[in-house]
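What follows is a single structure, written as structure tokens, with notes after it.
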Amino acid sequence: MSVLFSFPLLWSQAAPPGVPAWLFRTIVWLFVYGEPALTIQGVVGGLILWLKVMSLFCLLGWVVSWVTAALKERSEARGHWHDLAAILGVAAAVGAVVLRVLESTRRVEWAIQVGQVPLTSLLAIVAGVLTFLWVESTLWRTIRRLGRAPDVAVLVGMHLALGLGLGLGLALQRTGILRMILGIDPKLPVTWQDGLIYGARLGGTYMGYVVLSRVVGLVARELVAIRWRRLVSIAWLTTAEANRRMWAPWVVLTVFLVVLAFTHWFLQAPRAAEMGRLFVGTLALLCSLLITVMVTLLTPLSLPTDIQQQTISTVVSKPVRRIELIWGRMLGFMAIVTVLVLAFGGISLFYLWRTVGGAIRATDELAAKEARAGRSTQANHLREEAEQLRARMAAREPFRGSLTFLDSRGNFHLRGIDVGQEQSMREPRSHIEGGTVATAIWTFGRVIDPYDPNRRHILDYRIPVERLLVRDSIEGLMDRVYEIQERIAMAEQEQKAPNVSPERAKQLSDLIARDRDELRPFNELLARRRKEAEALKARAQAEEDAKRPTEAEAFRRREAALHSRPIPLEMTFNVYRTTKGKLGEPVFAKLVATNPRTGASYENVFPIREYYTNKQYLPASILAGSRGDLRVEIRCLSPTQYLGMAESDLYVLAYSGDFGTNYMKGLFGVWLQAMVLSAIGVFAGTFLSWSVALLTTIAFFVAGEVAFGFLLQFTQAGLLGGGPFESLIRLLSHDNQMTELAPTLAVITAKTLDAIVMPVMSRLVYIVPNFSALDLSDTVSNGFAVSWGVLGADLLLALAYALPFSLAGYFILKNREVAA
């Protein structure tokens, strides 16, 4: 298997014989920073990937800018020999693509070879070499005529970086690492040609680093010259223009209030418990739509209009940096967005307090009324309905586990039964058969990723015991006692090992004695607390027998204060009902929770309420001594019925925070989307007319919000039915996605165009922002907390998109005449 999908395999390898360890580590790190397709989990891995992508785009932009300058100066494309070679290179590339399509469609029955090299590979090599020679000569000629000393230094550095990549490719080939990277069979040879080809791939990234260093130097010089007074002045001018020209903030706020005034007329929850999720999700969507539409319309109109009307001349004639023009306008637009987000958030929270909060209060009052009337069943139903509404109007912090399955024969599976229902691509659901030993198992703790074929990736699903067990409670003391006892047992086991030195044995003896001295007062305190709890429980029962419920309740509260609260376990299962089931009869499930360290367990049978959150409470003692480990098993007891679940459907609830703060965190995702959109709009306005800039901004937003998953499929080459041109033929001819098309001229032409277009479109995934990743509305509407870690990661992601767009706009504006 290729190491590109299993980097820890490479990292865990020992240095090959004859290769020093320091050299091997250097080669590995150079590979990590040079391979563009390699991704590493975590913040550092994301930063490395971002640097590689930025370096490659800097390289592409630098080369294109100089080639464009050469074409404008008429120093190239004048019929020289290297111009003819470039034309031959383009023809060879097209010929290689056409020949490859003919071979794949079997119009050519056998692969044509020249010696031992396939003709398609030979044409591709010729095309690459000729194109490289033309670009090389163009860059040298143009930079010597128009460039400066730093530009020449960049060009020389690029060649040195390419040499480094080629040398690293040969080193990977000689050390055997290249075989692992490419996933080549050990029986097949890896030649030096393979090393050079792969080294050229790494060299491209290193060349990008050279250009990136030049860009960083230019930007750093601009950052030193930035003055906050000029930035604030431009931001204030941008805000004033947005209010004066279009009254955009006031229009957006008015539309929001008008829509909000009639929202309750059209929003009718299918179930009373879904009212909170429906209203919260709708308001978050409304805020997102209005703000993104406003930013999409405002930002691409600003610069083109000023350039067209020559009003920008009054600004650029002052000592204002071009980067201040870009960032000042973004700052002004984001000031408007910030005010609107705060206004929308405050108005939305007041509206939700009046509607959903009012429904909760009315339901509680009705439940109390039913209880006073003696209708306990209806009262319990209303209380549960109010509890379901509160669950959506909260900020619950769930801790989830890893889900695996046992089938009806007790065999292990990663997935359960697929009953044929429509699946979510983000998290597919599985079912277990009722009345059998089929079991859904959630494992909490440090779990080996069940989907990792190498069994090396560890998932941290530990439950925060310290947050759920009160330190001085009976369960907290039990957890402390288990922890000390485990330390003593481990030390005694090590002490009994045959190869323990006398010094280590003495250290272990002192450690055991110290732990036993520490354990003694905890055991005594635990015994006193248990005795006190038993006495309070007995007195509460005595008061209950004496018909004094008030005194009995007081003793029960005192007893409960000695314990930690029960552990809430929430589940959102669905039921697939067969025709053999009885209408109206509930489906029952059995819950078995086990502490794998102490053996403590808890069992319960409960009815499944579909479309509701099923809440069960585990005794707090089950977490004592668990170190965050827990095993939860769910079985369906109703025969011929199927219980469905996904991994996120069962979780331990650790905390429930303030909904208002959580809602504003959700709107912060809208603010981040607006920041990225403002950077794109200002960037497009630096070199496009306002109409084209507007369409460009809209296209970026639609592609990032709606079609980003489609672009990912392009990257992974996982599209059924081929590329866009082949899919068009299938659409017109009514052929399905799986049928092999006849190799007609139209089909061959479509596949050829797809082979040319799809590699370009697959790279759009690195340019188009993933706006859906910044959307937090689903988390908020489902009543789950948005953690500060998630906000920080989203902020870094938004900056990773907004910063390159703003800097690209700065370089375009810097090299454009705007005051003519």
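The values are calculated or read from the model by the stated rules, or taken from the named source; none is laboratory data. None of these values were measured; they are calculated from a predicted model. Every residue, glycine as well, gets a Cβ built from its backbone with ideal geometry; the counts of neighbours run over all protein chains shown. Quick note on the areas: whole protein, heavy atoms, side chains included, nothing else; ligands and nucleic acids left out. Shrake-Rupley method; radii C 1.70, N 1.55, O 1.52, S 1.80 Å.
Between Leu60 and Leu88, the distance separating the two model label sites (each 7 Å from Cα on the Cα→Cβ line) works out to 2.8 nm.
Modelled spin labels at Ala560 and Arg446, positioned 7 Å past Cα toward Cβ, are 3.7 nm from each other. Over all orientations, the stretch 234-344 has a Cα convex hull whose mean projected area works out to 8.0 square nanometres. Per-peptide packing, taken as the mean over residues of other Cβ atoms within 10 Å, places 662-672, 537-547, 137-147 in the sequence 662-672, 137-147, 537-547 from highest down.
Overall form of the stretch 501-598: oblate. Here a/c, set by the Cα gyration tensor axes a ≥ b ≥ c, is 1.5 or more, and a/b is not larger than b/c.
Which GluC sites (Glu not before Pro) in the stretch 413-478 sit in a loop by DSSP (not H, G, I, E or B) and have at most 16 other Cβ atoms within 10 Å of their own Cβ?
Listed in order of number, the matching sites are Glu422.
Database remark: amide H of Ala785 closer than 5 angstrom to the amide H of Arg396, Glu397 (H placed geometrically; neighbours at sequence offset of 5 or more, or on other chains; Pro and chain starts carry no H).
For the pair Leu732 and Lys506 in one chain, pulling the backbone fully straight at 0.36 nm per residue adds 73.0 nm over the alpha carbon distance. Here r is the Cβ-Cβ distance between Ser408 and Leu297 and R0 is 56 Å; the resulting FRET efficiency, rounded to 0.05, is 0.45. Karplus-derived 3J(HN,Hα) values for the stretch 385-399, using 6.51 cos²θ - 1.76 cosθ + 1.60 with θ = phi - 60°, are 5, 5, 5, 5, 5, 5, 4, 7, 9, 9, 10, 6, 10, x, 10 Hz; glycine and proline are entered as x. For Leu218 and Lys547, the difference between the fully extended length at 0.36 nm per residue and the C-alpha to C-alpha distance is 110.0 nm.
Can you tell me how the stretch 309-458 classifies by the Cα gyration tensor, rounded, prolate or oblate, using a/c under 1.5 as the rounded cut?
Oblate.
Against the chain, whose longest principal axis comes from its Cα atoms, helix 43-72 is set at around 20 degrees. The stretch 503-577 and the stretch 290-313 have their alpha-carbon centroids 66 Å apart. Close amide H contacts of Tyr651 (hydrogens built in the peptide plane, cut-off under 5 Å, sequence separation of 5 or more or a different chain): Glu570. The slack between Asp472 and Trp140, meaning 0.36 nm per residue of separation minus the straight C-alpha distance, is 112.0 nm. Note on Leu237 and Glu518: with the Förster distance fixed at 45 Å, the Cβ-Cβ geometry gives a FRET efficiency of about 0.10. Each residue of the stretch 333-350 was assigned a 3J(HN,Hα) from its phi angle through the Karplus expression (A = 6.51, B = -1.76, C = 1.60, θ = phi - 60°), giving 4, 6, 5, 5, 4, 4, 5, 5, 4, 5, 5, 4, x, x, 5, 5, 5, 5 Hz with x at Gly and Pro. Relative contact order for the chain: 15 percent, from Cα pairs under 8 Å spaced at least 6 residues apart, divided by residue count.
Can you classify the stretch 666-820 as rounded, prolate or oblate using the Cα gyration tensor, where a ≥ b ≥ c are the square roots of its eigenvalues, rounded means a/c under 1.5, and otherwise it's prolate if a/b beats b/c and oblate if not?
It is oblate, given that a/c is not under 1.5 and a/b is not larger than b/c.
Computed from backbone phi, the HN-Hα couplings of the stretch 215-222 come to 5, 4, x, 5, 5, 4, 5, 5 Hz, rounded to whole numbers (Karplus: 6.51 cos²θ - 1.76 cosθ + 1.60, θ = phi - 60°; Gly and Pro given as x).
Quantify, in whole percent, the carbon and sulfur part of the accessible surface of the stretch 145-237 (1.4 Å probe; protein heavy atoms only). Carbon and sulfur atoms account for 68 percent of the accessible area of the stretch 145-237.
So if we plug the beta-carbon distance of Phe132 and Met490 into 1/(1 + (r/R0)^6) with R0 = 51 Å, what FRET efficiency do we get, rounded to 0.05? Efficiency, rounded to the nearest 0.05: 0.25. Dividing the summed helix terms, -39500 (n - 2.57) for each DSSP H run of n ≥ 4, by the number of residues in the chain produces a 222 nm estimate of -21000 deg cm²/dmol to the nearest 500.
Annotation for the stretch 193-230: trypsin sites (Lys or Arg not before Pro) lying in DSSP loop with at most 14 further Cβ atoms inside 10 Å of their Cβ are Arg227.
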